[in-house]
Amino acid sequence: MEKPFVYVTRALPEEQLSSLKEAAHIEMWEKEDEPCPRAVLLEKAKTAAGLLTMLSDRIDSELLSEARQLKVVANLAVGYDNIDVEAAKKHRVICCNTPGVLTESTADLTFALLMAASRRIIEASDWIKQGRWTGWGPLLLAGADVHHKTIGIVGMGSIGRAVARRAKGFGMKILYHNRSRSQEAEAELGAVYTSFPQLLEQSDFVVCLTPLTNETNHLFNRSAFQKMKRTAIFINASRGQVVDEADLYEALVNKEIRGAGLDVFAEEPISKDHPLVSLPQVTALPHIGSATNETREAMMRLCAENIALVLGGEPARTEL
Ligand code: DGY
């Protein structure tokens, strides 16, 4: 019997897909750091039983209605705002993401970004590399303390809790806002549930980890930034569209907040001419939240395993 066809939309190391090799005929988009063009994805999806997709691939009604043999989409990310899950359900396509395996690495990066933004780490390193270090100065590249400050986490899922554990180690007061209360975060970490406006008003660091949905689109807008302390630092490691970038730019330029650490942007990739990147008080990263070798490999293996399970008639490990 012919093996089912699985299309992988980025060049991935084959050894990470070994669990799928027996079960499927695998084909990959040949480039590692360039997305598979939409036209290629639509064409491949027409005959694929499985797709291993990236967060930059749109899985929508247009694709699903032509993908007659498609049984499973495994997205190499915990976020799945690129997938129309309702449409997939109608087409009886199972969708999976990669929760769990990336929690700690993403929390590490989020906290590193917070530290870098507050202590001006990237700016300071660039200072030396640009040959500008001519002497010690009492306030040279002085930043803001992290320890014992207040962190406000918006989105207290597993990554939010992992960030809170790191914050606890720094003696920080932890506030959080979430759709539902997290007993675990309250009992284990002493995190305090607050309304969204209260969190904005009281936090020294406002950390956005909430998924992108219709409700969270542009959640961080002019009105939100105006509620924050003028010394606040805003961190986003979720999705760019949760922020109104024009409003964030205004807030930074008008010194309504002190700085920002951004791992994600509304339209990725951004160029060096993006207005937010021109500001010294912005620490910008190219969406590397879960990007460690160990974690990305674990994410790839989980995707491959999910596809193999579904094609073998078994439930996926992490179905949406
Ligand atoms: C995710 O998994 O959603 C991250 O944004 C990818 O790094």
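The values are calculated or read from the model by the stated rules, or taken from the named source; none is laboratory data. Model, not experiment: these values are computed from the prediction. Using ideal geometry, Cβ is built from the backbone for each residue, glycine included, and neighbour counts are taken over all protein chains shown. Areas reflect the complete protein model, heavy atoms only, side chains present, ligands, DNA and RNA absent. Shrake-Rupley method; radii C 1.70, N 1.55, O 1.52, S 1.80 Å.
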Selection status of D145, open to solvent by 30 Å² or more (accessible area, probe 1.4 Å), over 26 Å from L55 (Cα atoms), acidic (D, E) and assigned to a loop (DSSP other than H, G, I, E, B): yes
Some residue of the stretch 182-204 being buried (at least 18 other Cβ atoms within 10 Å of the Cβ), away from the ligand (no atom under 16 Å from the Cβ), under 18 Å from the mean Cα position of the chain (by Cα) and modelled with pLDDT of 95 or more: no
Scanning the stretch 56-80 residue by residue, the ones that are without any contact (Cβ under 8 Å) to a residue 60 or more places away in the chain and within 16 Å of the ligand (Cβ to nearest atom) total 4
Odd one out for E86 among (1) closer than 24 Å to M300 by Cβ; (2) out of contact with any His (no Cβ under 9 Å at 6 or more places or on another chain): (1)
Of all residues in the stretch 81-103, count the ones that are away from the ligand (no atom under 13 Å from the Cβ), charged (D, E, K, R) and in contact with a Ser or Thr (Cβ under 9 Å, 6 or more places away or on another chain). 2
Do you know which residues across the stretch 256-285 are in a strand (DSSP E or B) and not hydroxyl-bearing (S, T, Y)? G259, A260, G261, L262, V282, A284
Within the stretch 11-56, the residues that are among the charged types (D, E, K, R) and closer than 22 Å to A316 by Cβ are E14, E15, K21, E22, E27, K44
When you check E188 against the structure, is it among the acidic types (D, E) and under 23 Å from V242 (Cβ atoms), yes or no? no
Matching residues, the stretch 211-241, being β-branched (V, I, T), surrounded by fewer than 24 Cβ atoms within 10 Å (Cβ to Cβ) and within 16 Å of the ligand (Cβ to nearest atom): T213, T216
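Would you confirm, using the coordinates I've provided, whether P286 is surrounded by fewer than 18 Cβ atoms within 10 Å (Cβ to Cβ) and more than 28 Å from P13 (Cα to Cα)?
Criteria not met by P286.
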State whether one or more residues within the stretch 28-40 are in contact (Cβ under 8 Å) with a residue 40 or more places away in the chain and among the aromatic types (F, W, Y). no
I128, sole failed condition from (1) part of a loop (DSSP other than H, G, I, E, B); (2) open to solvent by 50 Å² or more (accessible area, probe 1.4 Å); (3) outside the structural domain of A45 (by TED's automatic domain parsing): (1)
